[in-house]
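Report on one structure; see the data block that follows.
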Amino acid sequence: MNVKVENLGKNVVQLEIEVDAAKFEEGMQKSFIKNAGRFNIPGFRKGKAPRKMVERYYGEQALYEDAINFVCPEAYDKAVEDNDIRPVERPEIDIKQIGGGQNFIFTAKVTTKPEVELGKYKGVEIQKIEVTITDEDVEKELQRVAESNSRLISVEDRGIQSGDTVEIDFEGFIDGVAFEGGKASNYNLVIGSGQFIPGFEDQLVGSKTGDEVDINVSFPEDYGKSELAGKPALFKVKVNGIKVKELPTLDDEFAKDISEFETLAEYKEDLKKKLLHNAEHRAEHETEDKVVEKAVENAVAEIPAVMVEKQIDSLVRDFDMRLRYQGLELAKYLEIMGMDAKAFREQFSKRAENEVKTQLVLEKIGVTEGIDAGEDEINEEIRTMAENYKQSEEEFKKHLREDDIEYIKGNLIMRKTVEFLVKNAVIA
């Protein structure tokens with residue numbers, strides 16, 4: 001097999017791969033065996049005609065597609081490995097010569113991982129993150145805990161006030177015509193949350209349970225749905241109920257109810273310890289982030305658009321999964337936000353590009369510094385993962401493929417690389 005490599009620029013290479021005629025003939029024979037049953041040749045039972053008769057009747061090109069599928073992947077993979085090409089997407093294949101006893105020639109154009117030019121990454125300087133927990137921090141956390149243990153109480157003797165949770169039915173109209181996505185029943189809205197169009201919540205203040213209210217608002221000029229942007233709308237709203245948040249009394253009984261402590265003072269002391277632990281943990285991660293950020297800023301790499309798009313795909317999938325856990329479809333979310341899919345993806349663009357560059361820079365540093373993960377470290381990581389999934393190590397390993405092991409190893413190397421950068425940073 002002969003391979004010619006041509007650099008097309010911007011991290012794109014084209015491989016011209018020439019496969020021996022004998023090797024392609026093997027692919028043709030496999031193709032014939034696979035497809036023999038679908039050929040009808042006069043004088044032969046279906047699937048029983050010899051290959052020469054099939055090629056004479058249908059033309060040898062009838063076997064090309066599967067022959068290519070048998071030969072191309074193996075030839076391409078070997079060409080990539082032999083020439084140290086690091087593809088980041090599927091190749092664009094173009095057949096140059098095929099059949100007639102000739103060598104099989106095809107080109108494969110592919111985007112590759114970019115070369116990274118490292119800048120300063122050892123001895124980068126960052127400011128130390130100081131960690132302190134004040135009594136005010138403890139009181140805020142105590143208030144948050146109280147909020148999470150509050151309950152909603154229905155009120156009937158007054159109108160809606162800011163901070164109330166109201167249950168409403170509503171339908172929106174523009175020029176007297178109801179518009180798509182503008183209707184809901186038994187919708188819970190916190191007044192003052194700013195969840196709805198500006199002016200909507202304010203006009204509900206003072207209304208009582210059972211009231212039917214006409215609310216006049218205008219959609220913002222930059223609203224995501226162009227057919228609604230800037231237009232005045234009328235919402236017909238019915239108030240089904242008003243609820244107010246009731247907080248528990250912060251005393252020793254409260255502490256007993258939600259913790260293992262007998263007094264509020266003991267509980268607050270424990271809160272302070274936990275807040276300090278969490279703050280130190282955050283500071284550790286922030287320190288890592290800042291050191292890595294410096295190393296990435298100092299490096300140069302031309303990131304291919306396809307790598308950014310793939311990372312956006314990953315971020316969108318993660319976002320979609322989180323929505324599903326909350327019982328909401330992505331399409332419905334975009335409708336509520338007045339945003340189309342293109343605009344939604346665009347908001348991830350800068351983050352995706354930075355994440356791709358960060359990955360590439362850390363990989364390059366790891367290689368440059370000879371950072372690796374040994375078998376014992378990988379097995380220890382697998383044991384930890386098995387425990388997290390509440391499985392035995394043996395059971396967990398049964399489901400791991402070779403790619404999974406490589407992924408675990410890669411993550412370990414990344415983690416060790418970050419530790420290396422922090423250890424060699426100047427933190428003052």
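The values are calculated or read from the model by the stated rules, or taken from the named source; none is laboratory data. On a predicted model such as this, the values are computed, not experimentally measured, just so you know. When we count neighbours, we look across all protein chains shown, and the Cβ atoms used for this are built from the backbone with ideal geometry, even at glycine.
A few points about this structure:
- If you filter segment 85-111 down to residues that are within 29 Å of the chain's Cα centre (by Cα) and among the acidic types (Asp, Glu), you find that the one that is modelled with the highest pLDDT is Glu92.
- The set of residues in segment 53-104 that are assigned to a loop (DSSP other than H, G, I, E, B) and surrounded by 15 or more Cβ atoms within 10 Å (Cβ to Cβ) comprises Ile85, Val88, Pro91, Ile98, Gly99, Asn103.
- Considering only residues in segment 247-263 that are of a type in the set (Val, Ile, Thr) and part of a loop (DSSP other than H, G, I, E, B), the one that is surrounded by the fewest Cβ atoms within 10 Å (Cβ to Cβ) turns out to be Thr249.
- In this structure, Lys10 does satisfy being in contact (Cβ under 8 Å) with a residue 12 or more places away in the chain and out of contact with any helix residue (DSSP H, G or I) (no Cβ under 7 Å at 6 or more places or on another chain).
- Residue match in segment 270-288 (condition: crowded, with 16+ Cβ neighbours inside 10 Å, acidic (Asp, Glu) and not assigned by TED's automatic domain parsing to the domain that holds Val190): yes
- Only one of Val291, Val300 that is touching a helix residue (DSSP H, G or I) at 6+ places or on another chain (Cβ under 8 Å), farther than 20 Å from Glu139 by Cβ, in contact (Cβ under 8 Å) with a residue 24 or more places away in the chain and assigned by TED's automatic domain parsing to the domain that holds Ala352: Val291
- Flag for Lys268 being out of contact with any helix residue (DSSP H, G or I) (no Cβ under 7 Å at 6 or more places or on another chain) and more than 30 Å from Glu89 (Cα to Cα): no
- Residue within segment 306-320 that is assigned by TED's automatic domain parsing to the domain that holds Leu334, more than 30 Å from Ala331 (Cβ to Cβ) and not charged (D, E, K, R) present: no
- If you check Val80, Val71, Val124, Val131 for being out of contact with any Leu (no Cβ under 8 Å at 6 or more places or on another chain), aliphatic (A, V, I, L, M), in contact (Cβ under 8 Å) with a residue 12 or more places away in the chain and not assigned by TED's automatic domain parsing to the domain that holds Thr368, only one passes: Val71.
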